[in-house]
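Structure, as C-alpha cells:
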Amino acid sequence: MQTVRIARQGSVAVATIDNPPVNALGAALRRDLATAVTEVMADPEVEALVLAAAGRAFIAGADISEFGKPLAQPILPEVLDLIENAAKPVVAAIQGVALGGGLEVALACHGRVALPAAKLGLPEIKLGIIPGAGGTQRLPRLIGAAKAFPMMLSGEPVAAQKALDLGLVDRVVEGDLVAAAVALAQELAAKGRPRKTGEIAEKLTQADREAFEALAKDATAKSGDMPNAMALIEAVRGAFTLPLAEGLAHERALFARLVVDERSKALRHAFFAEREAAKVPGIDDSVKPRPIARAAVIGAGTMGGGIAMCFANAGIPVTLIETSQEQVEKGHARIRDTYGFSVKRGSMTEATREQRMALITPAVGIAAAAEADIVIEAAFEEMGVKREIFGALDKVAKPGAVLASNTSYLDLTEIAAATTRPADVLGMHFFSPANVMKLLEIVRPEGVAADVVATAIALGRRLGKVPVVVGNCFGFVGNRMLEQRTRAAERLLVAGALPHEVDAALTGFGFKMGPFAMSDLAGNDIGWRSRKSRGKTAAVADAICERGWFGQKTGRGYYLYPEGARAGQRDPEVEALIADVSAKEGVARRSFTSEEILARLLDPMVNEGARILEEGIAARSGDIDIVWLTGYNWPAWRGGPMHWAEAVGLDVIVRRLEEQAAESGDASLEPAPLLRRLAAEGKGFSALKAA
Ligand code: CAA
C-alpha cells in the first residue's frame, strides 16, 4: 500500500502521509517518504515541498513494534538526511501529534506550521530510549539546549502555542493548514537555498550551555535506575561539542544501545499492554455506553472523597452522600483541604479549586442518589453494609443508573443480588489515593449487562484512569496477588528474615516501599480485621496487632516511629517477637540474600497470576501487568509481574516454587498447572490468546 501521495498546489508539491491509525514511521512509510522527497526534488517544475498528513496525527513517531528487530532500509536518519539536505525547502504541516520520530521529521524540515490543537514532543524517555533520529541534535540547535533538554527529559509534549513561543514552529494557523504551509514554502523558496536546522548555531551559546549543565546536574541526581536520562545528557552535550554528523552518529549509537536494553523492552511491553487492555472480550464498538451526566458517591471517607474528586476533576457534577451531616461535612472539608495542597504547591489556582468544589454537593441519606446516572458505593468493607446500601439504592436510583461498588475484595454477585436489577451492578475498584492512582479495576460479575461494563470503561477514561476489566473473585486481580505477597512476607519473617531486610529487597527492586513499611502506613489493623473475618491467622502480624502496634498512626508497627520521624526505625522488640514466633513454630532461623527474598515475595504472585489467567479472571497476562504498574507502583521499567517472570524464565520460577513448596509444606506454592505447562513448552504468558 502506498503510504504517501503527492499532489500539486501551483509550484509546491504536497506529500500527504496516510498510514493509519497514527502514521507511525514503519518501513513502508520510510520508504515512501524517501521516494517522495527524491521525486519532488528531481522535478524541475516544483520549487518546494509540503509534508502533510491525513488522519488524527501528523506522525506518532517510529513504529514501536519494529524496535529491537533488524530495521528495514531506509532507516529514519537516512530519510531525514534527504529532507534536510534537499535543495528546495520542505515545510511540515502539523495537525494532531508530532511525537518522537514524527517531530524529528518536522525538525529536519526547513519550516513548520501547526494547527492550534497540535501537540509536539519527544516522548522517547518514557520508552526507555532517547530520540534516535536527530532530536537531541536538532532540537537544541533550533530552540537552545536549556529549553530542549527539559522537553526530552520529561517526554511531555507541548501545545502549538507553546511551540511557537519556543521557536519550535514558525506559525500557528487556524483553518487551512496545508494552504498556510504552502505559503511558507513559497516564501522560503523565494529566499533561495533553505537553511538547515543542523546549521543553526546561534542558540547554542555559552549561557545556554551553562543553563543546560545545571539542569543536567539536577537530572543526574534524580535519574534513579534509568540509564537513558544519562544517555540523553551525553547526547545533548554532543550538540555543543560535535559537528552535526558526529553528533547524530553519537546519538544513534546511544539509542541503539538503549533500545535492546531489558528496561526499554519492559516499557514498550507496558505501552502495548495498556492499549491491549482497552480491548475487552465481548465489548466491541457496537456496545454503546450509557450517558453519564451526574454521579453520586456513597461514603465520604478517604476513598469516597477521592472518587468524588475524580468526578469533579473531570467536570462531572457529583453528590457526596453520608449517613450524617457531621460525616459529610468532614468528608467535604477534607476534599477542600486536599485541593488546598495543590493550590499551595502552585499546581492549581484558587478559582479552579472553587470550580471543582462547586461540582461536589454534600448530602445526607441515600435518597440523594436519585438523580445520578452512576452511583459508586465506597462505604465500609463489609458484605452486610454493602447489601443494605444496594438494597436501599435499588429503591431510589433511577431506571438505567449504573450501580457500582468500590469494594476491594467482596463478591459482586452477592452485592448485586441485594437489588432487583443485578444487570446494572458491577465493581469499580479505585486505588488509593483515588484522585491520583491511574488504575481502575472494573469487576464484571456474571449477568452484568455489556453496556454497563462499557459505561464503566468509558467513564474510567473520562476520569483519566486506565480501566482494566477483570472477573469477579476474592480480591480480583491486584489484591488477590497482593495477598500472596503479604503471606510470603510473613513466611520470610518466620523463616529468618527481618522486616527491614524484606523491605530493602523490594525497594532495591524498584518499589517505592516494602510490604512492612506499606502495612505500617496503611494500618496493620486493616489486614488483621480482614483475616479475622475470614478465620485466617498470621502469627507475626497478629501478634503485632494484639499489642496495638497498628503502624504509623500508633507510633509503632513493624517499625518504630518516634515523634517527628518519617521513616520507620528498627524495633528490637518486634525482632524479638519474630524470633519468638520462629522458636514456637520450631523453625531454625537462617539468613536470606536479597535475591532469595525477592524470589520468595514475587514468585507466589506470579503463580497466583497464572491461576488468575487459568480461571479467566484476567483476559491476558498484559492486563495483570497493567494492574500492577498503574495500581501498585510496580516499577515501570520492570514491565509488571508477568513480564518480569518471562524475563526471569518461567522454568526458573517453577523450580523455585517447587523448592519453596517442598520446604514449607504449603501446597498453595505448588506451581499452577498453566505455569508448569508454559514452562515445559518453553513459552511465555504472552503466547496465550485473550480469554
Ligand atoms: N508505533 C506503533 N504503534 C503505535 C504507535 C507507535 N509509535 N503509536 C500508537 N500506536 C498504535 C497503538 O498501539 C494503537 O494500536 P491499536 O489500535 O492496534 O491498539 C493505535 O496506534 C492507536 O493508539 P492509541 O490507542 O494510543 O490512540 P490515542 O489516540 O489515544 O493516542 C498517540 C495516540 C498520542 C499517538 C499515542 O498512541 C502515543 O502516545 N503513541 C506513542 C508515541 C511515541 O511514543 N512515539 C515515539 C516513538 S519512539 C521514536 O519515535 C524513536 C525515534 O526517535 C526514532
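Rule-based calculations on the coordinates, nothing more; no lab input. Computed from a prediction, not measured in an experiment: that's the story for all the values here. With ideal geometry, Cβ positions are generated from the backbone for all residues, glycine too; neighbour counts draw on all protein chains shown.
Here are some notes:
- The angle between the Cα long axis of helix 572-584 and the main principal axis of the chain comes to about 60°, on a 0 to 90 degree scale.
- Placing unit charges on the Cβ atoms only, positive for Lys and Arg and negative for Asp and Glu, gives segment 457-539 a dipole magnitude near 500 debye about its Cα centre.
- Footprinting exposure proxy for C473, C545, C310, C109 (fewest neighbouring C-beta atoms within 10 Å first): C473, C545, C310, C109
- Each Lys or Arg adds one and each Asp or Glu takes one away; over the other residues whose Cβ falls under 12 Å from the Cβ of P673, this sums to 0.
- Backbone phi angles across segment 232-246, fed through the Karplus curve with coefficients 6.51, -1.76 and 1.60 (θ = phi - 60°), yield HN-Hα couplings of 4, 4, 4, 5, 5, 4, x, 4, 7, 9, 10, x, 3, 4, 6 Hz in residue order; Gly and Pro are listed as x.
- Surrounding net charge for Q73, when Lys and Arg each add one and Asp and Glu each subtract one, Cβ distance under 15 Å: -1
- Other residues whose C-beta falls under 11 angstrom from the C-beta of R294 contribute a net charge of -1, scoring Lys and Arg +1 and Asp and Glu -1.
- Sequentially through segment 626-633, phi angles give Karplus couplings (6.51, -1.76, 1.60; θ = phi - 60°) of 5, 4, 6, 6, 9, x, 10, 6 Hz, Gly and Pro residues having no value and appearing as x.
- Size of electric dipole in segment 219-337: Cβ of Lys, Arg +1 and of Asp, Glu -1, about Cα centre, debye, nearest 20: 140 debye
- Only the Cβ atoms of Lys and Arg (+1) and of Asp and Glu (-1) were treated as charged; on that basis the dipole of segment 498-584 about its Cα centre amounts to roughly 420 debye.
- When only alpha carbons are used to place a centre, segment 1-68 and segment 320-382 end up 50 Å from one another.
- When the chymotrypsin sites (Phe, Trp or Tyr not before Pro) in segment 299-404 are filtered for DSSP coil states and for at most 13 other beta-carbon atoms within 10 Å of their beta-carbon, the remaining sites are F380.
- C-alpha center-to-center spacing [segment 487-545, segment 140-155] in angstrom: 44 Å
- Sites listed here are trypsin sites (Lys or Arg not before Pro) in segment 545-579 whose DSSP assignment is loop and whose Cβ has at most 16 other Cβ atoms within 10 Å: R547, R566, R570.
- For the cross-link pairs K162/K265; K279/K438; K162/K222; K438/K683, the ones whose C-alpha atoms lie over 21 Å apart are K162/K265; K162/K222; K438/K683.
- DSSP-loop trypsin sites (Lys or Arg not before Pro) across segment 269-350, with at most 14 other Cβ within 10 angstrom: K279
- Helices in the chain, meaning DSSP H runs of at least 4 residues, each add -39500 (n - 2.57). Divided by all residues, the mean residue ellipticity at 222 nm is -15500 deg cm²/dmol.
- Look at the dipole of segment 4-211 built from charges on Cβ: of L49, A183, V105, the Cα furthest out on the positive end belongs to V105.
- 39 Å tail of the calculated P(r), the chain, as % of Cα pairs: 44 percent
- Potential extension, F341-M513 segment - 0.36 nm per residue separation minus Cα distance: 59.6 nm
- Degrees, to the nearest 10: 594-614 long Cα axis against longest axis of the chain: 90 degrees
- Karplus-derived HN-Hα couplings along segment 116-121 (A = 6.51, B = -1.76, C = 1.60, θ = phi - 60°), whole Hz, x at Gly and Pro: x, 7, 5, 10, 10, x
- Helix axis angle, 145-154 relative to the chain longest principal axis, alpha carbon, degrees: 40 degrees
- Under DSSP loop assignment and at most 11 Cβ neighbours within 10 Å, longest GluC sites (Glu not before Pro)-free interval of the chain: 203-445
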